[in-house]
Amino acid sequence: MAHPLEGIAERLKRADENILNVDSEIKRFLKETGNPEVVYRELKAVEEFRQFWSHQTVPPRFGVLISEILHHYRSALDNLVWELLRQAGHSPKNPNLIEFPIFGTRPTAPDKISKFNRKIEGVSSAAYTIIESLQPYNAVSQWKGPHFALLVLHDMNRFDKHR
């Protein structure tokens, strides 16, 4: 019998494979354009790099590869919530609303609190506490740590799906 988190682990493994793939494709692309790197401490080199790339077209394939990475990471979080529900023996009233919530600001209005709770309705109180503690609005600084990474993932994935 497969481990309950095996599917999640496979998604993360695939995302890691995609990261290596896009990294190698970007390196190859940069080498082919003749402008492979910039030393960030040299302002002149940074400006030359910016000028060069302001006139280049990035291959659409990069967006597709990055989209796959975002999808796997986001899906792994959502699958985790489903596994937490399964472990709690809960069947949600509206399965289409279930997902790992990611909120940049603390929900204070009743409708926002309800929206947050609907996404993880039925998880154990321990799981709820952990999920809530990981929310970006709990970060000491919105610009560092896993809290911010979740918000970046959420925003990039949403942007990719809807635009």
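Values computed for the structure shown
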read-out: Any pair with Cβ under 9 angstrom, 6 or more apart, that starts in the range 139-163 at a residue that is at pLDDT below 80 and open to solvent by 50 Å² or more (accessible area, probe 1.4 Å) and ends at one that is of a type outside the set (Val, Ile, Thr) and not in a loop (DSSP other than H, G, I, E, B); value: Val140/His147; Gln142/Pro136; Gln142/Phe148; Gln142/Leu151
read-out: Hits in the range 51-65 (condition: open to solvent by less than 90 Å² (accessible area, probe 1.4 Å) and in a helix (DSSP H, G or I)); value: Gln51, Phe52, Trp53, Phe62, Gly63, Val64, Leu65
read-out: Ser24 farther than 30 Å from Ala126 by Cα, among the small types (Gly, Ala, Ser) and either touching a Cys at 6+ places or on another chain (Cβ under 9 Å) or modelled with pLDDT of 90 or more (or both); value: yes
read-out: In the range 98-110, residue farthest from the chain's Cα centre (by Cα) [restricted to those that are of a type in the set (A, V, I, L, M) and open to solvent by less than 30 Å² (accessible area, probe 1.4 Å)]; value: Ile98
read-out: Filter result for Gly122 (open to solvent by less than 50 Å² (accessible area, probe 1.4 Å) and farther than 24 Å from Lys13 by Cα); value: yes
read-out: Pair list, Cβ under 7 Å, 6 or more apart: the range 1-17 residue within 15 Å of Leu80 (Cα to Cα), other residue of a type in the set (Gly, Ala, Ser) and open to solvent by less than 100 Å² (accessible area, probe 1.4 Å); value: Ile8/Ala76; Arg11/Ser75; Arg11/Ala76; Leu12/Ala76
read-out: Where Phe62 falls short, out of the listed (1) out of contact with any Leu (no Cβ under 8 Å at 6 or more places or on another chain); (2) within 30 Å of Gly89 (Cβ to Cβ); (3) modelled with pLDDT of 85 or more; value: (2)
read-out: Residue within the range 78-97 that is open to solvent by less than 50 Å² (accessible area, probe 1.4 Å), under 25 Å from the mean Cα position of the chain (by Cα) and touching a residue at least 60 places away in the same chain (Cβ under 8 Å) present; value: yes
read-out: Matching helices (runs of 4 or more DSSP H) fully within the range 71-163 where at least 2 residues are farther than 26 Å from Asp16 by Cβ; value: 110-119, 125-133
read-out: Odd one out for Glu132 among (1) within 22 Å of the chain's Cα centre (by Cα); (2) touching a residue at least 60 places away in the same chain (Cβ under 8 Å); value: (2)
read-out: Number of the condition not met by Lys93 [criteria: (1) modelled with pLDDT of 90 or more; (2) basic (Lys, Arg); (3) more than 30 Å from Gly63 (Cβ to Cβ)]; value: (1)
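The values are calculated or read from the model by the stated rules, or taken from the named source; none is laboratory data. Because the structure is a prediction, the values reported are computed rather than measured. Quick reminder, even Gly has a Cβ in these numbers, built from the backbone with ideal geometry, and neighbours come from all protein chains shown. Quick note on the areas: whole protein, heavy atoms, side chains included, nothing else; ligands and nucleic acids left out. Shrake-Rupley method; radii C 1.70, N 1.55, O 1.52, S 1.80 Å.
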